[in-house]
Amino acid sequence: MTFKELKLHEDVLQGLDAMGFEKPTPIQEESIPVILDDKDIIAVAQTGTGKTAAFLLPVLHKISEQKIQEGQINTLVISPTRELAVQIDQQLEGLGYFTIATSMPVYGGGDGDGFAREKRALQDGAHIIVGTPGKLISHLNLGYAKIDNLKHLILDEADRMLDMGFYDDIMKIINQLPKDRQTIMFSATMPPKIRKLAKDILTDPQEVSIAISKPAEKVVQAAFLAYDGQKIELVKYLLRDNDVPSLIIFASTKIKVKQLTRELQSQGLNANMISSDLEQAERLTILNEFKSKKLQILVATDVISRGIDIDNIDMVINFDVPNDPEDYIHRIGRTARASSEGEAVTFINNDDQYKFGRIEELIEKEIRKVKLPSELGEGPEYNPKRRGGSGGGRRPYNRKKGGGGNRRR
Ligand code: ADP
Ligand code: MG
């Protein structure tokens with residue numbers, strides 16, 4: 001299948017050509033015809049499968065084909081984070097370069113000028129607005145946005161938006177939009193709450209779902225059983241003997257991200273973090289430094305594990321085991337994109353063993369458990385049946401060789 005066979009407008013095909021997209025990915029192949037057909041859709045495919053273009057291309061096509069004039073917002077894309085909004089907007093600029101479509105990202109975080117610029121675009125009715133929920137609401141509440149003729153509402157990374165608590169905000173936005181519109185939902189996963197949201201806001205939707213694929217074969221996966229107190233030393237150990245120009249470390253909480261970054265920096269390592277506490281400009285600077293390999297180690301919560309497009313990472317370290325097994329796949333999908341090999345290493349403390357077992361079930365593969373280097377002392381014993389309990393990540397005070405670990409509740 002080619003993009004031409006999808007009957008996309010010539011101006012859109014030119015953009016694809018300039019971007020170097022040769023043929024549609026499976027999710028693009030399946031969802032573009034549905035969107036071109038003006039049907040509501042819920043489309044699910046894992047990170048990195050090309051969902052952005054899957055919703056942008058048909059919209060760009062319609063704007064080009066119908067020669068829609070500016071003056072009314074045609075398409076509203078809602079995205080959970082600023083980074084993602086920026087990225088969607090960048091892809092939009094590339095894909096839409098040869099079309100008449102105009103666009104504006106609306107994600108705030110900027111100065112007064114930024115707000116004024118956003119206001120103008122909303123007032124003038126740029127074709128496509130890409131924004132985060134909070135910022136969109138602030139603008140919509142002020143009443144100047146030309147939304148009466150809105151044709152497409154797109155929710156990108158819908159699962160992430162619900163995880164981040166945006167349900168009410170999404171509903172607030174939807175209540176201000178014209179009913180006669182096409183609603184398009186994209187998501188990396190399809191948990192029950194996404195089904196429910198789809199039921200609430202879509203009309204007679206088509207469902208397109210590309211089965212979650214196992215992590216790319218090229219990713220070398222390994223796991224260490226380590227107590228929390230051993231994890232930082234373990235990171236340093238892994239960096240010492242390996243040539244790792246580009247590394248992302250995922251940790252479970254913002255506080256851990258901060259502590260870990262500070263600790264790595266104090267050890268003289270080239271590390272920085274991105275977190276929602278940073279100003280937008282700072283976050284972008286750090287991301288860009290990381291992409292251009294000026295920054296070696298990026299520490300993050302899973303905000304960036306989905307959606308954000310950073311290629312060719314040599315290694316991903318899960319400092320903690322992700323809660324959602326599918327997040328594991330998303331995270332390690334950051335490595336070994338393109339054709340390079342990547343490494344994904346997960347640190348498992350006592351409490352996380354059961355969670356890790358669920359990941360292995362999902363990917364139908366047992367991941368190699370590597371023994372801690374002897375200089376770090378002994379780690380916990382491997383016992384995947386063990387369910388997590390409180391505080392078990394700490395090294396027990398009274399450790400018996402071989403015996404312990406059968407706490408039942
Ligand atoms: P998702 O939203 O599913 O995580 P993205 O839309 O961010 O994925 O796309 C992931 C990467 O794949 C991006 O770098 C994008 O430019 C690239 N890409 C998307 N579609 C194609 C295609 N048809 N051919 C080549 N590269 C593509
Ligand atoms: Mg995406």
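So the values come out like this:
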quantity: Pair list, Cβ under 9 Å, 6 or more apart: region 237-261 residue in contact (Cβ under 8 Å) with a residue 60 or more places away in the chain and under 18 Å from Lys291 (Cα atoms), other residue in a helix (DSSP H, G or I) and hydroxyl-bearing (Ser, Thr, Tyr); calculated: Ile249/Thr261
quantity: Residue under evaluation Lys39, criteria (1) touching a strand residue (DSSP E or B) at 6+ places or on another chain (Cβ under 6 Å); (2) modelled with pLDDT under 95; (3) basic (Lys, Arg), criterion not met; calculated: (2)
quantity: Count - residues of region 260-298 that are farther than 13 Å from Ile249 by Cβ and in contact with a strand residue (DSSP E or B) (Cβ under 7 Å, 6 or more places away or on another chain); calculated: 3
quantity: Any hit, region 186-199, residues being open to solvent by 80 Å² or more (accessible area, probe 1.4 Å), at pLDDT 90 or above and part of a loop (DSSP other than H, G, I, E, B); calculated: no
quantity: Matching entry among Gln176, Gln182 (being among the polar types (S, T, N, Q) and open to solvent by 20 Å² or more (accessible area, probe 1.4 Å)); calculated: Gln176
quantity: So Ile255, is it within 21 Å of Arg331 (Cβ to Cβ) and open to solvent by 10 Å² or more (accessible area, probe 1.4 Å); calculated: yes
quantity: Test for Asp11: is it more than 12 Å from ligand 1 (Cβ to nearest atom) and in a helix (DSSP H, G or I); calculated: yes
quantity: Residue within region 57-76 that is within 30 Å of Ser276 (Cα to Cα), assigned to a strand (DSSP E or B) and open to solvent by less than 60 Å² (accessible area, probe 1.4 Å) present; calculated: yes
quantity: Candidates Gly15, Gly94, Gly114, filtered to the one that is within 24 Å of Arg283 (Cβ to Cβ), touching a Gly at 6+ places or on another chain (Cβ under 7 Å) and not hydrophobic (A, V, I, L, M, F, W, C); calculated: Gly94
quantity: Identity of the residue in region 23-56, away from ligand 1 (no atom under 14 Å from the Cβ) and open to solvent by less than 40 Å² (accessible area, probe 1.4 Å), that ends up nearest to Gln91 (Cα to Cα); calculated: Ile35
quantity: From Gln69, Gln46, Gln14, residue being of a type outside the set (Val, Ile, Thr), in contact with a helix residue (DSSP H, G or I) (Cβ under 7 Å, 6 or more places away or on another chain) and more than 23 Å from Gly134 (Cβ to Cβ); calculated: Gln46
quantity: Test: Ala223 is of a type in the set (Gly, Ala, Ser), more than 16 Å from ligand 1 (Cβ to nearest atom), outside any helix (DSSP H, G or I) and farther than 24 Å from Ala85 by Cα; calculated: yes
quantity: Tabulated pairs, region 56-80, first on the phi > 0 side of the Ramachandran plot, second open to solvent by 10 Å² or more (accessible area, probe 1.4 Å), C-beta under 9 angstrom, 6+ apart or interchain; calculated: Lys67/Ile100; Gly71/Asp124; Gly71/Lys146; Gly71/Asn149
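The values are calculated or read from the model by the stated rules, or taken from the named source; none is laboratory data. Just so it is clear, the model here is predicted, and its values are computed rather than measured. Positions of Cβ are backbone-derived with ideal geometry, glycine not excepted, and every protein chain shown enters the neighbour counts. Side chains included, ligands, DNA and RNA excluded: accessible areas come from the protein's heavy atoms. Shrake-Rupley method; radii C 1.70, N 1.55, O 1.52, S 1.80 Å.
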